[in-house]
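First comes the structure, then the notes that go with it.
The values are calculated or read from the model by the stated rules, or taken from the named source; none is laboratory data. Predicted model, so just to flag it, every value in this text is computed and none were measured. Cβ atoms come from the backbone with ideal geometry, glycine included; neighbour counts cover every protein chain shown. Heads up: the accessible areas ignore ligands, DNA and RNA and are worked out on the full protein's heavy atoms, side chains in. Shrake-Rupley method; radii C 1.70, N 1.55, O 1.52, S 1.80 Å.
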Amino acid sequence: MAHIDSESHASPLRPILALALTAAMWSSGGVLIKLVDLPPLAVAGLRSTVCALLLIALRGLPARPRDAAQIGAALAYAATVILFVSATKLTTAANAILLQFTAPIYVALLAPRILGERTTALDWLATAMVMAGMGLFFVDKLDFSGFWGNMAGLASGVSFGFMVLFLRKQKDGSPYGSLVWGNIFAAAVCLPFCFEKTPDLSDVAGLLLLGVFQLGLPYLLYAWAVRQVSAMVAVLVPVVEPLLNPVWVYLILGERPGPWAMIGGAVVLIAVTGRSLLPMLLRPRSQMAHDSLG
C-alpha cells in the first residue's frame, strides 16, 4: 500500500482485477450495515471515523483539498457514504445498491463536460433504460419509509457518479487525499447523531469491519485503480458489488427484494453493462487496450 498512488506500468488487467476485488469487498456493506443496530447517520459517521483513522495510520494525513477536483471528490464521497447507509437502513439492501449503481449513467452524461469525453447514442439509450428500471423500484414499496430509502439510494447514485468523475480528474495527482477528507467530512456531519444510542460489542465489531474491510482497504485499491483506467471502466467494473450485496443479505438475514425491484435492477444492470461492453466488443483489440488505460 505504500506506493498506492504511483503510476502502474504493469498489465492493464491489474487495475481491472483491483476494481473487481474492491467491489467484492464493498459488497459486504449491505449485510454489515443491517447487522449494526444503530441509527443510519450514526452508522455512517462512525464507519467513516474508523475509515479515516485507518487511512491516516497507513498513509498519514494529507494536505487539505484545494482545487475544484479535490474538493468535489471529497464532498461527493461524503454524500455517497452517508446516503448509501441511509438507503440501506430505510429500504432493502438490493434496492439501495442497485439504485446507487445508476452512477455510470451520470458519468456517461457528465464526462464530456468534466473530462472532455464524448457522449454517444448508446449513452442516451442506456439512460432511457435506467430511468425505466428505476421507476420499477417504487412499485413494490409504497410506504413512506421505503420511498425515502429509495430516494436516498437514487441520490447516492448521483453523488457516486460525481465522485468517480472528480477522482478520475485527479489522474495526474493523488485521489487519496480526497478519500481521507471525504471520510472526515462525513464523520463531522454525522457527529451529532453518533451519541443517540450506545453501541454494544456486536455493533462495535460491525463498525470496525465496515470501516476497515468494507470501506478503508477497498478505497485504497480504488484510489490506485481509478488513475489507471477510464472513468467509465472505473464505474462499470464494480458491477460485482450490486450482484453480491443482496446475496449476502439474503443468505444471512433472509431479506429478499420485491419482484418489481428485481426486474428494475435487472434492467439497470443490463443498461449499464451493455453500455460498457458493446463499445469494447465492437472495437479492434488494439483500441480496447488503449482505452482501458484511460
- Message: Against the condition modelled with pLDDT under 80, open to solvent by 60 Å² or more (accessible area, probe 1.4 Å) and either over 23 Å from Val226 (Cα atoms) or more than 21 Å from the chain's Cα centre (by Cα) (or both), how does Phe138 come out, does it pass?
- Response: no
- Message: For a quick check of your reading of the model, give me the residue pairs whose first member lies in the range 196-212 and is at negative phi, whose second is acidic (Asp, Glu) and open to solvent by 80 Å² or more (accessible area, probe 1.4 Å), with beta-carbon atoms closer than 7 Å and at least 6 apart or on different chains.
- Response: Asp203/Asp37
- Message: Can you tell me which residue is nearest to Ala103 (Cα to Cα) among those in the range 141-168 that are of a type in the set (D, E, K, R) and modelled with pLDDT under 80?
- Response: Lys141
- Query: Has the range 78-100 got at least one residue that is out of contact with any strand residue (DSSP E or B) (no Cβ under 7 Å at 6 or more places or on another chain), of a type in the set (D, E, K, R), open to solvent by 10 Å² or more (accessible area, probe 1.4 Å) and more than 18 Å from Gly29 (Cβ to Cβ)?
  - Reply: no
- Query: Taking the condition open to solvent by 50 Å² or more (accessible area, probe 1.4 Å) and at pLDDT below 85, does Lys171 pass?
  - Reply: yes
- Item | In the range 2-39, residue farthest from the chain's Cα centre (by Cα) [restricted to those that are of a type in the set (Val, Ile, Thr) and at pLDDT 85 or above] | Val36
- Message: Quick check on my filter: what residues within the range 187-214 are among the aromatic types (Phe, Trp, Tyr) and assigned to a helix (DSSP H, G or I)?
- Response: Phe193, Phe213
- Evaluate the range 265-278: report whether one residue or more is within 18 Å of the chain's Cα centre (by Cα), more than 18 Å from Pro40 (Cα to Cα) and at pLDDT 90 or above. no
- Every residue from the range 242-258 that is part of a helix (DSSP H, G or I), modelled with pLDDT of 75 or more and surrounded by fewer than 24 Cβ atoms within 10 Å (Cβ to Cβ): Leu244, Val247, Trp248, Tyr250, Leu251, Ile252, Leu253
- Item | Test result for Val189, open to solvent by 30 Å² or more (accessible area, probe 1.4 Å), β-branched (Val, Ile, Thr) and within 12 Å of the chain's Cα centre (by Cα) | no
- Item | Pair list, Cβ < 7 Å and 6+ apart or interchain, from the range 14-34 residues that are outside any helix (DSSP H, G or I) to residues that are open to solvent by less than 10 Å² (accessible area, probe 1.4 Å) | Ser27/Asn245; Ser28/Gln214
- Item | Given (1) more than 22 Å from Ile82 (Cβ to Cβ); (2) open to solvent by 20 Å² or more (accessible area, probe 1.4 Å); (3) modelled with pLDDT of 85 or more; (4) in contact with a Pro (Cβ under 9 Å, 6 or more places away or on another chain), index of the condition Val237 fails | (3)
- Could you grab the pairs with beta carbons closer than 7 Å, sequence gap of 6+ or different chains, first residue in the range 59-73 and loosely packed, with under 11 Cβ neighbours inside 10 Å, second one in a helix (DSSP H, G or I)? Ala63/Gly177
- Item | Matching residues in the range 192-207 - criterion: being open to solvent by 90 Å² or more (accessible area, probe 1.4 Å) and closer than 20 Å to Gly30 by Cα | Leu201
